[in-house]
There are 2 protein chains.
Amino acid sequence: MKVTIKQIAELAGVSIATVSKVINHKDQKITHQTRDRVLEVIKEQGYIPNRIASSMVTKRTKTLGLMIPDITNPFFPELARGVEDGANEMGYTLILCNSDNDLQKEESYLEMLQEKMVDGIIFTASSRRTTMSPAFLRLNTPVVSVDREIEGLRLEGKITVDNEKGAFEAVCYLIDKGYRKIYHISGPLSSKTAKDRYAGFLRAHEEKGVLPVEEHLIEGNYTSTMGYDHTIRLIEESVDFDSLFCGNDLIALGAYKALHEKNMRIPEDIGIIGFDDIYMAEIVSPGLTTVRQPSYTMGYKAAEMMIACIKNKDGVRKEWVLETKLMIRGSTQ
Amino acid sequence: MKVTIKQIAELAGVSIATVSKVINHKDQKITHQTRDRVLEVIKEQGYIPNRIASSMVTKRTKTLGLMIPDITNPFFPELARGVEDGANEMGYTLILCNSDNDLQKEESYLEMLQEKMVDGIIFTASSRRTTMSPAFLRLNTPVVSVDREIEGLRLEGKITVDNEKGAFEAVCYLIDKGYRKIYHISGPLSSKTAKDRYAGFLRAHEEKGVLPVEEHLIEGNYTSTMGYDHTIRLIEESVDFDSLFCGNDLIALGAYKALHEKNMRIPEDIGIIGFDDIYMAEIVSPGLTTVRQPSYTMGYKAAEMMIACIKNKDGVRKEWVLETKLMIRGSTQ
DNA sequence: CCTATCTGAGTAAACGTTTAACTAAGTATA
DNA sequence: TATACTTAGTTAAACGTTTACTCAGATAGG
């Protein structure tokens, strides 16, 4: 049997209200003697308060939900870590949900989170989501979106990255370096991030006065397999290209593999730029030039924003567009 | 105001007990008419049961804690994913904790998990933990350890990998391929996994009749930086080695980087074997030969074991030593 | 000395469920 | 017809806290 506040109260010879006050540091009106006595009993009994019971009355669980597509995708661990650290610092705990970009799973998790009465949800929506189900619209738990936008849903906050600008800078850099036949292996264009990156790709060409290149777009799905397959295909079909701007680093690393197998050199034969700056981008040889997303910061800020919203603090920014940074490494010259 | 079971009861013209029974499918003794009426009201009102309140009376939260050193370490996302999938399938939810191998953090998280009344904890202990604090010993939440052992703590289950054998096979393979000057960059030898892998390294040498090689041990700490630094040092000090058996893949990838920078070829000049088989091992060029740990399975089985234990199912194995598998790729020849 | 104020602590309701025990009505049994 | 058993549902206690309100005693003011 676990020890409860009641038993502590008895052992200390006070009422449970007093114990509660001591636990919650609402003890301005408690004498030192009683407080110390209570504290001593608590320690001696190894008492651990039951937060489930507190939640019943306070209507706060001090728990946040984190919904991401897949923690196994190298982009997300850092983001998750940022959220976790932010939450933890404020005394919040995190429930992890992997939606696998599956709308059904997303909704069933959403329901679970509501049942568990989380105080807020930090949400990277499925890239497949285009329309909001009734379950979403009825949601009355605060939501902060991160990385991807969620259109048609009331959000308490939004954290994104300027994808268009990041892509623009990357492609400008490629053009400045003399690359002219740039192919873009993108993510699914149904997602806003992929669309924005493609827009940046196009704008860079326009502003640099390089030919229109719509046929240089290869729509993929953000996986390394896709990057590999498309690159192999480009080579085998003898397509004339001198560089790849990849929708993310996984695609880029897939391309690395394909180029190695086909004995083509990076960056001498083909230049490569990725997007995200995952851990491996630096480890790989040559280092992958890529557009860094501050994923840890995104997660951290999301947690911060979420908690500020829960506490009804105002003066907190509700929208944050973070800057990317071009990390120049060996895959371009 | 959220709608409660009470309001559903009123609207459906039944008692809350009846509503509770239909929600929990204890409705054998409820007529179709009443059940359907209740279900209809529930749907119409978008009622979501408050599991916090249920937990109060059932004393089950259907929540598991997952404590790992760092989700950002590429070994853990797959493991976490396995745990999550296993938990989710059984209707459980996961609280994620990153201990950073920090004993203090570990203990404070442990307390939080207990406060939140998790039904069980899946635990990859800090590699630094050698002794159990009173907080640990008093713990009366079931614990399943995964990957690393936790000595001196009552465990409901344990899932490990045969590290010694995995290392043994890897090093045997290296010797069979003709490598003779094998250096081992290990993890911290305070951890059992690192110790076991080193033991396998030694046994392989013995059984193959290759010289004793204690001075070929370089104790590191499982990071790629460490792998990089030590490899650079080996080369700059002109140490005579023809291959590296790395304590994990991160170390190996660090070594890759160092070798590339020093213009040494893999596997022609130096053969490399890692441990774990993280995602990148396959993507990198040449592919990294490594000892595969079934991390997803480990996580999944841990969740399964934990939940079986919670439900007091017997006939479930309490200890599972999973097999590793040598994944032969291009980094050895 | 009487009253008003302050101090430190206690009382009890409330949070939203589950579930054991109960009940009223209907049905089968003798 | 009286009795026992089913059936379909209700009642009410319990889970472990927080917190608004109450209260007794001490202190201060006039």
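Round to the nearest 10 and give me the degree value, 0 to 90, for the angle of helix A:249-261's Cα axis relative to the longest principal axis of chain A.
Between helix and principal axis, roughly 40 degrees.
Quick one: angle between helix B:192-208 and the longest Cα principal axis of chain B, in degrees between 0 and 90, rounded to 10, please.
Approximately 40 degrees, to the nearest 10.
So what is the relative contact order for chain B, in percent, with contacts set as C-alpha pairs under 8 Å and at least six apart?
Worked out over chain B, it gives 18 percent.
When 1/r is averaged over all different Cα pairs and the result inverted, which Kirkwood radius in Å belongs to region B:227-273?
Result for region B:227-273 stands at 10.2 Å.
Using alpha-carbon pairs under 8 Å, 6+ residues apart, how would you state the relative contact order of region B:177-333 in percent?
21
Could you quote the convex hull projected area for the protein assembly as shown, Cα atoms only and averaged over all directions, in nm²?
Projected over every direction and averaged, the Cα hull of the protein assembly as shown covers 34.6 nm².
Please average, across the residues of A:71-79, the number of beta carbons from any other chain that are within 10 Å of each residue's own beta carbon, and give a whole number.
Shielding by partners across A:71-79 averages 5.
Would you compute, from DSSP H runs of 4+ residues alone, the mean residue ellipticity of chain A at 222 nm, taking -39500 (n - 2.57) per run and dividing by the full residue count, rounded to the nearest 500?
Rounded to the nearest 500, it is -13500 deg cm²/dmol.
In degrees from 0 to 90, rounded to the nearest 10, what is the angle of the helix B:163-176 Cα long axis to the longest principal axis of chain B?
Approximately 30 degrees, to the nearest 10.
Could you grab the Rg to Rh ratio for region A:163-294? Cα atoms only, Kirkwood for Rh.
Reported Rg/Rh, Kirkwood definition of Rh: 0.92.
Return, ordered by residue number, the residues of region B:160-186 whose backbone nitrogen is under 20 Å from a label point located 7 Å along Cα→Cβ of B:Ser238.
Residues B:181-183 qualify, since their backbone N sits under 20 Å from the label point.
Which of the peptides A:297-306, A:229-238, B:160-169 is most tightly packed, and how do the rest follow, judged by the mean count of other Cβ atoms within 10 Å per residue?
A:297-306, B:160-169, A:229-238
Over chain A, with a Gaussian network built from C-alpha contacts below 10 Å, which listed residue (A:Gln33, A:Gln293, A:Gln114) shows the highest mean-square fluctuation?
A:Gln33
Please report A:Glu106, B:Glu214, A:Glu156 as a ranked list, fewest other C-beta atoms within 10 angstrom at the top and most at the bottom.
Going from sparsest to densest Cβ surroundings: B:Glu214, A:Glu156, A:Glu106.
With the dipole of region B:56-205 worked out from charges on the C-beta (+1 for Lys and Arg, -1 for Asp and Glu) around the Cα centre, which of B:Asn73, B:Leu94, B:Val161 lies farthest toward the positive end?
Looking along the dipole axis, the top candidate is B:Val161.
Enter the per residue convex hull volume of region A:5-49, computed from alpha-carbon coordinates, in Å³ rounded to the nearest integer.
58
Rg and Dmax of region B:1-139, using alpha carbons, in Å: what are they?
20.3, 61
Where does chain B land on the Kirkwood hydrodynamic radius, alpha-carbon pairs, in angstrom?
22.4
Taking the Cβ-Cβ separation of A:Asn263 and A:Lys181 as r and a Förster radius of 22 Å, what is the calculated FRET efficiency to the nearest 0.05?
0.70
Give me the one-decimal nm value for the distance between modelled label points at A:Asp70 and A:Asp36, 7 Å along each residue's Cα-to-Cβ direction.
Output for this residue pair reads 6.0 nm.
For region A:272-333, report the % of Cα-Cα distances exceeding 20 Å.
42
Can you pull the mean other chain C-beta count within 10 Å for peptide A:53-60?
Counting other chains' Cβ atoms within 10 Å and averaging over A:53-60 gives 3.
Take every Cα pair under 8 Å in region A:5-49 that's 6+ residues apart, average their separations, divide by the length, and report that relative contact order as a whole percent.
44
Read-outs throughout are calculated quantities, based only on the coordinates presented, and are distinct from any laboratory measurement. All values reported here derive from a predicted model rather than from experimental measurement. Cβ sites come from the backbone with ideal geometry, for glycine too, and all protein chains shown count toward neighbours.
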